[in-house]
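Working notes for the structure below.
The values are calculated or read from the model by the stated rules, or taken from the named source; none is laboratory data. Just so you know, these numbers come straight off a predicted model, no measurement behind them. Positions of Cβ are backbone-derived with ideal geometry, glycine not excepted, and every protein chain shown enters the neighbour counts. SASA here: full protein model, heavy atoms, side chains in, ligands and nucleic acids out. Shrake-Rupley method; radii C 1.70, N 1.55, O 1.52, S 1.80 Å.
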Amino acid sequence: MKFLKLILKNAFRHKVRATLTIIGIAVAVTAFGVLRTVVTAWYVGVDAAASNRLITRQAISFIFPLPYAYKEKIAAVPGIEAISFMNWFGGVYLDKKNFFARMAVDAETAFDVYPEFLIAPDQLATFKAERNACVIGAELAKQYNLKIGDPMSLDGDIYPGRWDFVIRGIYTPKFDNTDATQMFFQWNYLNERILQDMPQRANDVGWYVTRITNPDDAATISSQIDELFMNSSAETKSETEGEFTRGFISASGAILGAMNFMSFTIVAIIMLVLANTMMMSARERTREYAILKTLGFSVPQISWLILGESLVLSILGGALGLLLTAPLVKGFAAAVPKGWFPVFKIEPITMALLIAAVIFIGLASAIFPIRRAASTSIVDGMRFMG
Amino acid sequence: MPHLIEIKALAKSYWRDGFEIPVLNNININVEKGDYLALMGPSGSGKSTLLNLIAGIDRPSKGEVVVDGTNIAKLGESELARWRANNIGFIFQFYNLIPVLTAYDNVGLPLLLTKLGKAEQKKHIETALSIVGLGDRMKHYPKQLSGGQEQRVAIARAIVTDPQILVADEPTGDLDRNSAEEILTLMKRLNEEFGKTIIMVTHDPHAAESAKKTLNLEKGDLIGSSK
C-alpha cells in the first residue's frame, strides 16, 4: 500500500497513453462480455434442461413426425412417470420478424412434464377446456403487451391458414434460465383442422416428452423406448432433454466456435496492447528503475511497482468495460426478438471470465517489463539514454 | 580504530565483445569517518567505477570493499539493496528526481523502504528539505525548480534516512557557477556540521578544493593524493 501513490503516479504519467489503453481494454472487455453472453444465451436451453426429462423423436430427424399411436406404448415403459407430446407449429405472429416458439401441445399433460412453467390452476383448467385457448410466457406477454382474454392470431406456414386463439393463461418461469417466451395451444385444435384440411398429416406429433423417475435410468429407458419401434416405418431416437438441445445447437456449432475464438482473440490482442504500453513505459524508465535500485529498492519491490501499474490500467479498463457491458447487453436483448434468446443476461460464469481475463491481462503484461527491469544492472540502467 | 571504508586490492574489468577491458587496477584506499574525499581524473580513469563499487551499485572483479566492517562484495542482491538503503546517500550529476513526484515525495522515496509511520516520515522529509533550504518548495515538481534547487532536493533525498556516507558523482557538473557554489557549501556543511563522510567524483578542481582530501586516478591506477 505504501507504494500505491507511486504506482498511480506512474500509471498516469502519460495521460493520453494511459487513457487510450484503458479505453482499449474497456472496449475489449465489453466485446468479450457481449460475445460470451451470446454464447451462453445459446446454451441456456442445455443449462435449463431437466435431467429427468427424455425426448423421443424420429430417428432420421426431428423434423419428421411420429405417430400419435406411440404414446401408450412409450407410457408403458417402466420408469416413466408422465408423458406428453408436442408439435412445432411455426407460423407468423403479426410480422415475420416476431420470432418465438409456438407449440401445439397436449393440454392435459404439458404442464405435468414442464413443472418449471408456473401457471395458475384456474388458467390451466380453462386452457384444457377451451379448444382455441392458448398459454403464453410472461416475457412474451410483456414484449407484445398481451393479457388474458386477448385474441392472438397466427398465419400458418407449416400448417397453412389463419389460426385464431384466445389467451387463457400466462405462465411464469420458475428459474432464471427458464424460457418464458413460448406460446402453447392445444394439439387437439391443430389435429382437428388437419383432419379436415390435410388428413394425410393428421395424428402425427413432433416429439414425445417423458418424465422419468430416476435420471440415472435415462440411458436404459431411452434404449427400451427405441427398441419398441425398431424396424418400424418411424424408428425413434430417445435421449435426455440436454442431449436433444445440444444436438439442436450443434447445427450452429461453427458460428459458436467462431464467437468463442473471437472472444478469446480479443483478450489476446488487448493483452499485447497493454504489454506494449508497459514495455514502452518500462523502457522509458530504465534509468529511473536504476535510481530506485541505488536508493535501496530491491528487484521484487520494483517488480511490484511495475505489476501494480499494469494491474491499475487493466483493472480500470476492466471496470469501465464491465460498466459498459451491462447496458450494452440490455440494449442487445431489447433489440433482438425475445424468441431468439429467451434468456439473455450476463451469466456469473461470464462475469468470472471477465474478471479473470482482466487480472490475467494485467499480470501477463507485466512479465516482460519486470524481466527487463530485473535483468538491467544499475550501472547499465544509469547509462541508459532512452 | 578501524577505518570506515577499507578498499583492498580492488580491481574491476568489463567484458565487451569478448574482450576484457580493465577499468581499475589494484586500488587500496582507507577512508575515515568524517572524511570528505574528492576523486579526480580524466574521463575513463575509473573514478565513477570506483565510486560505484564503494556505494555497492557495482561489484568488483577482485579485491574487497569493507564498509563499517561489512564486506559488501559478499552481500546478495537483496541484502546489498537493504545495505544501500541504510548506509548510502546518492547525489547524481543530473539530479535524477522522479518527475511526477513533488519535492516532498521525491525526498520521501527512500523512507518508503523503512518502517517509519507517516508522521515520522513527514518530520524527516521536512527536516531534510529545511537543511537544504527548500522548506518552502515542498509541493513543487522538479520541472518547477531550478537546476540548483533540483540538486538540493536530490541532496535532501540523499540525507533523509541519515546515512553515514554520501557519494556524489559530479554533483556540480550540470550547474552554473552560483548554483555549484551553493551545492559545494551545502556539502561542506553536511560534512562539517552533520559529520557525513562524503566521497565525490569531480572534474572540477574548484569543487575538489572543498574536499579535505583529493585522490587522483589515471587509467585505472591511483596515482597520488593531495590535501
Probe 1.4 Å, protein heavy atoms only - accessible area per residue of region A:65-233 in square angstrom: 47
Whole-percent carbon and sulfur share, accessible surface of region A:65-233, 1.4 Å: 51
Solvent-accessible area buried by A and B, counting both chains, probe 1.4 angstrom, square angstrom: 2100
Whole-Hz couplings from phi, Karplus 6.51/-1.76/1.60, listed for region B:31-36; x for Gly and Pro: 10, 8, 4, x, 5, 10
Mean residue ellipticity (222 nm) of chain A, computed from DSSP H runs ≥ 4 via -39,500 (n - 2.57), nearest 500: -17500 deg cm²/dmol
Residues in region A:286-308 occluded by at least 40 Å² - accessible area, probe radius 1.4 Å, against chain by itself: A:ARG287, A:GLU288, A:ILE291, A:THR294, A:LEU295, A:GLY296, A:PHE297
Karplus (6.51, -1.76, 1.60) ³J(HN,Hα), θ = phi - 60°, over region A:138-146, in Hz, Gly and Pro reported as x: 4, 5, 5, 4, 5, 5, 9, 6, 9
Per residue accessible area of region B:1-150, 1.4 Å probe, in Å²: 47
Subset of A:LYS9/B:LYS143; A:LYS96/A:LYS147; B:LYS47/B:LYS123; A:LYS293/B:LYS118; A:LYS97/A:LYS174 violating a 24 Å alpha-carbon distance limit: B:LYS47/B:LYS123; A:LYS97/A:LYS174
Loop trypsin sites (Lys or Arg not before Pro), region A:8-109 (other Cβ atoms within 10 Å of the site Cβ: 12 or fewer; DSSP): A:LYS96, A:LYS97
Other-chain or far-sequence residues with amide H under 5 Å of B:MET200's (modelled H): B:LEU37, B:ALA38, B:LEU39, B:ALA168
Those lysines that a straight Cα-Cα span of less than 17 Å connects to A:LYS73, excepting residues fewer than 8 apart in one chain: A:LYS237
Long-range HN-HN contacts of A:TRP340 with modeled amide H, under 5 Å: none
DSSP loop GluC sites (Glu not before Pro) with at most 14 other Cβ within 10 Å: longest gap in chain B: B:33-192
Whether the protein assembly as shown is rounded, prolate or oblate, judged on the alpha carbon gyration tensor where a/c under 1.5 counts as rounded: prolate
Residue-averaged beta-carbon neighbours from other chains (10 angstrom radius) around B:104-117: 3
Kyte-Doolittle mean at least -1.0, axial Cα span of 24 Å or more - DSSP H helices of chain A: A:15-42, A:253-284, A:299-335, A:348-375
From phi via Karplus (6.51, -1.76, 1.60), per-residue ³J(HN,Hα) for region B:202-213 in Hz, x at Gly/Pro: 8, 8, 8, x, 5, 5, 5, 4, 6, 7, 7, 8
Under 5 Å, built H, 5+ apart or other chain: amide partners of B:TYR14: B:ILE21, B:VAL23
Loop-located trypsin sites (Lys or Arg not before Pro) in region B:15-86, at most 16 other Cβ atoms within 10 Å (DSSP): B:LYS33
Of the chymotrypsin sites (Phe, Trp or Tyr not before Pro) in region B:54-152, those whose Cβ has at most 16 other Cβ within 10 Å and which sit in DSSP loop: B:PHE94
Residues in region B:36-67 occluded by at least 30 Å² - accessible area, probe radius 1.4 Å, against chain by itself: B:ILE57
